[in-house]
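K.L.:
Take this structure, written in structure tokens, and hold onto it; I'll ask about it next.
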Amino acid sequence: MIAITEGLFTDGAQPCLIGGRHVESGRIVFPCPGGDARYAPETLPNKGTVWSWTIQRFRPKSPPYTGPEAFEPFAIAYIELTGAVIVEGPLINVAFDAITIGTPVETVLVPHATDAQGRTVMSYAFTPVQEGSTHG
Amino acid sequence: MADVYVVGVGIHPFGRTDGLSGLQQGAYAVRQALSDAGLDWNDVQFGFGGSDSSGNADSIVNELGLTGLPVINVKNGCATGGSAMIGAWQGIASGQYDVGVALGFDKHPRGAFNAMPAEYNLPDWYGEVGMMVTTQFFAMKLQRYMAAYGITSTTLGRVAEKAFDNAVHAEHAWRRAPVDLDTILNSQMINDPLTKYMFCSPGEGGVALILASEKKARELGRTNVRVKAAAVRTRPPGSFEVFAPSVDIERGGAPTLLASKAAFEMAGLGPKDIDVAQLQDTESGAEIMHMAENGFCADGEQEEWLAEGWSRIGGKLPVNTDGGCLACGEPIGASGLRQVYENVIQLRGLGGGRQVPGDPKTAYTHVYGAPGISGVTILQR
């Protein structure tokens, strides 16, 4: 199992995206710009709310898309990670007609594809926070 | 800065033209513009032009003649045509030249654009997971706007319905048959809340404008359309743009707000002075949002505008009188100049079945595109 790229997220029980904090202004961006001394890596909050969303109903062109050939529509959203930054990512485990702006979500890691060596490539997504979630 | 006039316009019909390259469609437009102005290619002292995916404009000399004139290539995404016009305008306004051409053309394959992350300084994974898709951005900007200002799907449908109705009367348009509101609303969903008929398609076409000094325009008897303003702006902090893995929580401005303000200041005019407008309508919602971003209405008022037909031909501000991108398609390099072409036709009173009544005097164009760039022009009769 490998990450889709290094330095994009932490793993563990509550995975988090890794953004970049502009050292002078404090502005946070995602992902953390590589090789740019103006930004320091910053672990972003695990939780946030849906800021906007859509359903991707046609298969994106390959390249650059490396998802499955057998395409199933998926939800894409911008998530406001509380107090940090608004980030873009897939939204999973949700009925398309149940998505609304403001829905509480958390960051999860998901298998994206299998690479040429047969390894599972992991990426990130967001999922609605389950009521009574033990993650608090 | 000296006054500059549009003395000739030409267009190769938009859509699909097998057997003609993008550049050849551009050359067709230049020949038509020269003929319209009563000039020869030998009379053109310089040019600015470009395409997004059909090569360099300076190759036009192979088609039109090796006169030795300088041609500056422009590659500015969706603002390619607008930037070419600014170049030509400045060349004449500065007093350096009397006659120049602004040229835009393109020829895109079918389907959505497949941009590559590296072209936009983005990491590969962003494209690998399926987010390098322009239509997602338009859908998500719109989804939030609709929730904030109470815009309904019916209003989105009405924008597309108007576009196809107008295009019936525009010879250069691609999709020239009316489509009824129910068909638009019930067609295949592409990126919610936008259906197939609410999106423009990448296409083909070419547009050329001949610009001239006042002296030359008088010689040609063509002092009827003057360039009052032309401005291009990139994005300010806190804006929300195509291909953005992250967005600031603290919201900021938008390139359209900057370009619009700059153009109105340059012209010494305001939104109330505009008689006809061509606004970027990559999809129905873009026209809705750009009506407000360019200052023509307040956020949320578009519901009433579309229900009452105020942006139709004959309404208080006709918008996208030739059907816009929705009906003409979007050959990126040519699209912004198509808007200017349409305004020249309207100001000359030659719009036929789509002519704005009441003798329009002042006309506005607006383009928007990746990665957060906007161009505005104002012409006056």
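K.L.:
Can you tell me how many residues in the range B:150-168 are surrounded by fewer than 15 Cβ atoms within 10 Å (Cβ to Cβ) and either within 18 Å of the chain's Cα centre (by Cα) or within 14 Å of another protein chain (Cβ to nearest Cβ) (or both)? It would help to see each step written out before you state the result.
P.N.:
We begin by selecting, within the range B:150-168, every residue surrounded by fewer than 15 Cβ atoms within 10 Å (Cβ to Cβ); these are B:150, B:152, B:154.
Checking which are either within 18 Å of the chain's Cα centre (by Cα) or within 14 Å of another protein chain (Cβ to nearest Cβ) (or both) leaves us with B:150.
Of the residues in that region, 1 qualify.
K.L.:
Name the strands (runs of 3 or more DSSP E) wholly within the range A:38-100 that hold at least 2 residues that are within 17 Å of residue B:142 (Cα to Cα) and within 8 Å of chain B (Cβ to nearest Cβ)? Before you say what the answer is, go through the steps one by one.
P.N.:
On the way: elements: A:39-43, A:47-56, A:74-81, A:85-91.
Result: A:47-56, A:74-81, A:85-91.
K.L.:
What is the residue count in the range B:184-223 for residues that are small (Gly, Ala, Ser), touching a helix residue (DSSP H, G or I) at 6+ places or on another chain (Cβ under 6 Å) and surrounded by fewer than 24 Cβ atoms within 10 Å (Cβ to Cβ)?
P.N.:
Going residue by residue through the range B:184-223, those that are small (Gly, Ala, Ser) are B:187, B:201, B:203, B:205-206, B:208, B:212-213, B:217, B:221.
In the following step, the residues that additionally are touching a helix residue (DSSP H, G or I) at 6+ places or on another chain (Cβ under 6 Å) were identified as B:187, B:205-206, B:208, B:213.
After this cut, where a residue has to be surrounded by fewer than 24 Cβ atoms within 10 Å (Cβ to Cβ) as well, the list is B:187, B:213.
Of the residues in that region, 2 qualify.
K.L.:
Same structure again: Test residue B:269 against the criterion of being in a loop (DSSP other than H, G, I, E, B) and more than 25 Å from residue B:142 (Cβ to Cβ), and give yes or no. Give the steps one after another, and end with the answer.
P.N.:
Working: in a loop (DSSP other than H, G, I, E, B): yes; more than 25 Å from residue B:142 (Cβ to Cβ): yes.
So residue B:269 fits the description; yes.
K.L.:
Give me the strands (runs of 3 or more DSSP E) completely within the range B:169-250, filtered to those with at least 1 residues that are within 14 Å of chain A (Cβ to nearest Cβ), ordered by residue number.
P.N.:
Details: elements: B:189-191, B:204-213, B:226-234.
In the range B:169-250, the matching strands (runs of 3 or more DSSP E) lie at B:189-191.
K.L.:
Looking at the range A:8-32, which of the residues that are free of Cβ contacts under 8 Å to residues at least 40 places away in the same chain and facing another protein chain (nearest Cβ under 9 Å) is surrounded by the fewest Cβ atoms within 10 Å (Cβ to Cβ)? Let's see the steps before the verdict.
P.N.:
Initial filter on the range A:8-32 (free of Cβ contacts under 8 Å to residues at least 40 places away in the same chain): A:10, A:12, A:18, A:20-27, A:31-32.
With facing another protein chain (nearest Cβ under 9 Å) added as a condition, the list becomes A:27, A:31.
Values: A:27: 16, A:31: 22.
The qualifying residue surrounded by the fewest Cβ atoms within 10 Å (Cβ to Cβ) is A:27.
Residue-wise test of (1) free of Cβ contacts under 8 Å to residues at least 24 places away in the same chain; (2) at positive phi; (3) surrounded by 24 or more Cβ atoms within 10 Å (Cβ to Cβ).
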position	(1), (2), (3)
B:59	no, no, no
B:62	yes, no, no
B:69	no, no, no
B:77	no, yes, no
B:86	no, no, no
B:89	no, no, no
B:92	no, no, yes
B:101	no, no, yes
B:116	yes, no, no
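Read-outs: derived from the displayed coordinates by stated rules, not from any lab. Predicted, not measured: the structure shown is a model, and the values here were computed from it. When we count neighbours, we look across all protein chains shown, and the Cβ atoms used for this are built from the backbone with ideal geometry, even at glycine.
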